[in-house]
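Structure, as structure tokens:
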Amino acid sequence: MASGHPWKFFRAGGVDQVVLSTAADILHLAELDQKLWVALACPVAGTEIEPRTLKLLDVDGDGRIRPPDVLATIEWLRDVMSDLGDLYHPADEVPLASIATASTLGRDILAGAKVILKSLGKADAESISLADVSSTEAIFTAMKLNGDGIVPAESADDEETAQAIRDVMAVAGSVTDRSGKPGVDQARVDAFFDQVKLFADWFAAGGARASYLTLGELTAAAAAGLSAVREKVDDYLTRCRLASVDARAVTALNPSEADLAALSTVVLSAQSESVAKLPLARVEPGRALPLSEGLNPAWAERIAEFARVTVAPVLGGPCSSISERDWQIIVEKLAPYSAWMAARPVADVDKLGPDRVLALASGNARARVTDLIARDAALSTESSQIEAVERLIRCRRDFMVLLRNFVNFSEFYGKRSGAFQAGTLFIDARSCDLCLPVDDPGRHSSLAALSQAYLAYCDCIHTVNKDKRSIVAVVTSGDTDNLMVGRNGVFYDRSGADWDATITKVVENPISIRQAFWAPYKRFIRLVEEQIQKRAKTAEDEGNKKLEVAAAETAALDSAVPKNKDTEKKDAPGEPPKKEEKGIDVGTVAAIGVAVGGIATFFSSILATFLGLGMWMPVGVVALLLAISGPSMLIAWLKLRQRNIGPILDANGWAVNAFARINVPFGGALTRLAVMPAGASRSLRDPFAEKHQPWALYFAVVAVLGLGVTWLLGKADDFLPPQARAATVLHRESPPPASSALARRPGSVHVPPASEAPVGGSP
């Protein structure tokens, strides 16, 4: 995309990154090709930028910051800030004069800021800080109406309206107001008063109270008593009527002997369900229902209550029994009330009682509560800007931090304090500044390993509150001999709090070419140590077995039968012949000799090859070292060129858009080794130091032995005078000299022929 803005770039981590230094750079950021952005997405959580800030910048609310969110925030800031250059001077407060009033949005935010300051008693303040808006609940608590369309009882102007709001919450439930208090909204108010109206309409449908209160104030109790036993009394009287029709029904309609026998085997009580299923009394043709004697125990109490509150008021006095005709009179007397109650609407407002419901229906409580909600909602525009004010202040403080960890990585490459860095891990005499939070080390390491960096995953426990967290530390300097699972260290987070850290997993990769040079030799030594330990363990086990066998044989000597000399020499008849002890096999000795000779020949040939190089011997040594360490160093060099932070951040939910390298010099700055401070003095006297070995003597002896072997092999004859040559001294033929005449010069040593050579000499 073409852009007329004069962009500037700097190079870091092998990537050209845009410079953000002026307000114009921010305003024209939409014109910069997104392929030049270092990152294209980052999570709202998991960075050192406050999650609340990133949540306010997350325009689409998907939990991730993307370029559209960043550009939308810039457009928003352009309308609400007089000068975007203020973003380069982070602060946790915004002067009211810096809020743009040329746009409607800016004026609304300014009005919201003034509302906040007024509610806090700071109406004359010239700036508003993050602390002023840090607790929106405190702000809205100070405001009687806060524009959210929800009114708690405390927002009412009078007690009657407040009580109506409490009634609504008791029946229809509540919703939390911005101040954190329970309140009601218009939907709940409408649902509540609709129930109130339905109940009032039902109540009015009953007409005059005399039309259904046939017993006056006793009608409700009488109807309740009737309802409690109506079904059971109908059952009993119907059974008696059937018995009058056919005498055979008497036996069938009364409990059978089997039914009664079944009851005899269980523990019975007046509340037993099996007892309650039996008829109210004995069924006989045309019999009246007894009200006091001969009743089913499960129903005796309810029949007694029915007789007191229902039968006596209806029939004009106490009765010991009622006939079928008396029952019809009672039912007909209470029929109007029963029919009216059957039509009673099922509504939660019943819990308030009829009198309170009718009072709410007849008054203007609904209108007063609805008016209060409308007045609260009218302030929505002004009150909604309170969150916008918080967003503005947080952008003033944190937006440039986001840009410098998103559009470019200048915070990381410049100050080594990227927003994704969680703190510093101190372990094994080094400090690792590149530490990132981790949720799932197993899943994280599968992708982070592609960074070609040495990773140490640690579980951390806060030393005070015992909180737990996991981190991954990128080790970029020093060696790794003492970094292993189980090593402990201390992790300091960005706030300075310390955590106990323990390595739980290691992803090994080269740290430096120097380490790669020594890696094969260290690996060889480890293998040798492992083999020695393994063989020593095997030998120890075999020795223990032999000791056990010897101990067992010794313990069995007491029970052994002694033998005479003849028995010891000859085997008993019928016994298998004893195996003869064999001496050392000559073939075995020869094989061992051949093996030892082969090994000696191999090392002798190597030594002879090196000694045969003559003045090129140092080159040969270097070539041997390169042959051993070269592949490891080459692999390390290739991996170090590929080492970058991208896969590590991608495993944390980022979308890194560039190959952000961590080269060796920059890695040395991210992991710092222990160094004595400048001007420090040190005493080299160590009372527990090991005794010094005479290494100079050892080297001198090795050098003399090496020269002696070289001389014995005749490899140094070309550099020595004839008298000092090995062939001359040892009386053996040396390689043909440059001129045979030299060997015959007067004064030269006579070399005897092979036949005259001393015994043991070389031919």
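The values are calculated or read from the model by the stated rules, or taken from the named source; none is laboratory data. Only a predicted model underlies this, so the values are computations on that prediction, with no experimental measurement involved. Methodologically, a virtual Cβ is constructed for each residue, glycine included, from the backbone with ideal geometry; neighbour enumeration extends over all protein chains shown.
Every condition in (1) in a loop (DSSP other than H, G, I, E, B); (2) crowded, with 21+ Cβ neighbours inside 10 Å is met by residue 464 except one, and the failing one is (2).
With respect to residue 360, determine if the residue is surrounded by 17 or more Cβ atoms within 10 Å (Cβ to Cβ), under 30 Å from residue 148 (Cβ atoms) and within 51 Å of the chain's Cα centre (by Cα). No, not satisfied. Using the structure shown, decide if residue 68 is loosely packed, with under 13 Cβ neighbours inside 10 Å and assigned to a helix (DSSP H, G or I). Considered against the rule, which asks whether it is loosely packed, with under 13 Cβ neighbours inside 10 Å and assigned to a helix (DSSP H, G or I), residue 68 comes out as yes.
Residue count for segment 627-658 satisfying the condition of being more than 19 Å from residue 416 (Cβ to Cβ) and either of a type in the set (Phe, Trp, Tyr) or in the same structural domain as residue 13 (by TED's automatic domain parsing) (or both): 1. Take the conditions (1) in a loop (DSSP other than H, G, I, E, B); (2) surrounded by fewer than 16 Cβ atoms within 10 Å (Cβ to Cβ); (3) of a type in the set (A, V, I, L, M, F, W, C); residue 335 misses just one of them, which is (1).
Residue selection: residue 287 satisfies the criterion of being outside the structural domain of residue 76 (by TED's automatic domain parsing), crowded, with 18+ Cβ neighbours inside 10 Å and in a loop (DSSP other than H, G, I, E, B). Suppose the filter is part of a helix (DSSP H, G or I), closer than 23 Å to residue 38 by Cβ and in contact with a Phe, Trp or Tyr (Cβ under 9 Å, 6 or more places away or on another chain); does residue 105 pass it? No. The numbered conditions (1) farther than 15 Å from residue 399 by Cβ; (2) in contact with a helix residue (DSSP H, G or I) (Cβ under 8 Å, 6 or more places away or on another chain) are all true for residue 47 except (1). Among the residues of segment 676-692, is there at least one that is in contact with a strand residue (DSSP E or B) (Cβ under 9 Å, 6 or more places away or on another chain) and either closer than 30 Å to residue 419 by Cα or at pLDDT 80 or above (or both)? Scanning segment 676-692, I find no residue that is in contact with a strand residue (DSSP E or B) (Cβ under 9 Å, 6 or more places away or on another chain) and either closer than 30 Å to residue 419 by Cα or at pLDDT 80 or above (or both), so the answer is no.
The rows are residues; the columns are (1) in the same structural domain as residue 106 (by TED's automatic domain parsing); (2) of a type outside the set (A, V, I, L, M); (3) surrounded by fewer than 19 Cβ atoms within 10 Å (Cβ to Cβ); (4) in a loop (DSSP other than H, G, I, E, B).
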| position | (1), (2), (3), (4) |
| --- | --- |
| 24 | yes, no, yes, no |
| 30 | yes, no, yes, no |
| 55 | yes, yes, yes, no |
| 61 | yes, yes, yes, yes |
| 72 | yes, no, yes, no |
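The set of residues from segment 627-646 being assigned to a helix (DSSP H, G or I) and of a type in the set (S, T, N, Q) comprises 629, 632, 642. Within segment 92-125, take every residue that is in contact (Cβ under 8 Å) with a residue 60 or more places away in the chain and in contact with a Leu (Cβ under 9 Å, 6 or more places away or on another chain) and give me the one that is surrounded by the most Cβ atoms within 10 Å (Cβ to Cβ). Among them, the one singled out is 109.
Scanning segment 495-541 for residues that are part of a loop (DSSP other than H, G, I, E, B) and exposed (fewer than 11 other Cβ atoms within 10 Å of the Cβ) yields a total of 2.
Each row is one residue, and each column tells you yes or no for (1) among the basic types (Lys, Arg); (2) buried (at least 22 other Cβ atoms within 10 Å of the Cβ); (3) touching a residue at least 12 places away in the same chain (Cβ under 8 Å).
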site: 396; (1), (2), (3): yes, yes, yes
site: 407; (1), (2), (3): no, yes, yes
site: 443; (1), (2), (3): yes, no, yes
site: 451; (1), (2), (3): no, yes, yes
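The single condition among (1) over 15 Å from residue 391 (Cα atoms); (2) touching a strand residue (DSSP E or B) at 6+ places or on another chain (Cβ under 9 Å) that residue 109 does not satisfy is (1). Taking every residue in segment 247-267 that is in contact (Cβ under 8 Å) with a residue 24 or more places away in the chain and pairing it with any residue that is of a type in the set (A, V, I, L, M, F, W, C) and in a loop (DSSP other than H, G, I, E, B), at least 6 positions away or on another chain, the pairs with Cβ-Cβ distances below 6 Å are 253/283; 254/283; 255/278.
Based on what the data block shows, is residue 481 of a type in the set (Asp, Glu), assigned by TED's automatic domain parsing to the domain that holds residue 501 and in a loop (DSSP other than H, G, I, E, B)? So residue 481 fits the description; yes.
Yes or no, residue by residue, for (1) of a type in the set (Ser, Thr, Tyr); (2) within 30 Å of residue 29 (Cβ to Cβ); (3) part of a helix (DSSP H, G or I):
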{"site": "374", "(1), (2), (3)": "no, no, yes"}
{"site": "392", "(1), (2), (3)": "no, yes, yes"}
{"site": "434", "(1), (2), (3)": "no, yes, no"}
{"site": "457", "(1), (2), (3)": "yes, no, no"}
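Selection of segment 80-108 for residues being under 23 Å from residue 407 (Cα atoms) and within 39 Å of the chain's Cα centre (by Cα) yields 80, 81, 84, 85, 86, 87, 88, 89, 90, 91, 92. State whether one or more residues within segment 260-278 are in a helix (DSSP H, G or I), in contact with a Phe, Trp or Tyr (Cβ under 8 Å, 6 or more places away or on another chain) and closer than 30 Å to residue 340 by Cβ. Looking for residues that are in a helix (DSSP H, G or I), in contact with a Phe, Trp or Tyr (Cβ under 8 Å, 6 or more places away or on another chain) and closer than 30 Å to residue 340 by Cβ, one finds at least one in segment 260-278, hence yes. Among residues of segment 48-71 that are closer than 25 Å to residue 424 by Cβ, those with a beta-carbon under 8 Å from a residue that is outside any loop (DSSP other than H, G, I, E, B) and among the acidic types (Asp, Glu) at least six positions away or on a different chain give the pairs 49/398; 50/398; 53/398. When residue 164 is tested against (1) farther than 30 Å from residue 399 by Cβ; (2) in contact (Cβ under 8 Å) with a residue 12 or more places away in the chain; (3) surrounded by fewer than 22 Cβ atoms within 10 Å (Cβ to Cβ), exactly one condition is not met: (3).
Assess whether residue 424 counts as being out of contact with any Cys (no Cβ under 6 Å at 6 or more places or on another chain), in a helix (DSSP H, G or I) and among the polar types (S, T, N, Q). It is false that residue 424 is out of contact with any Cys (no Cβ under 6 Å at 6 or more places or on another chain), in a helix (DSSP H, G or I) and among the polar types (S, T, N, Q). Between 248, 239, 230, the distinction of being more than 20 Å from residue 335 (Cβ to Cβ), surrounded by 17 or more Cβ atoms within 10 Å (Cβ to Cβ), out of contact with any strand residue (DSSP E or B) (no Cβ under 8 Å at 6 or more places or on another chain) and among the charged types (D, E, K, R) belongs to 239 only.
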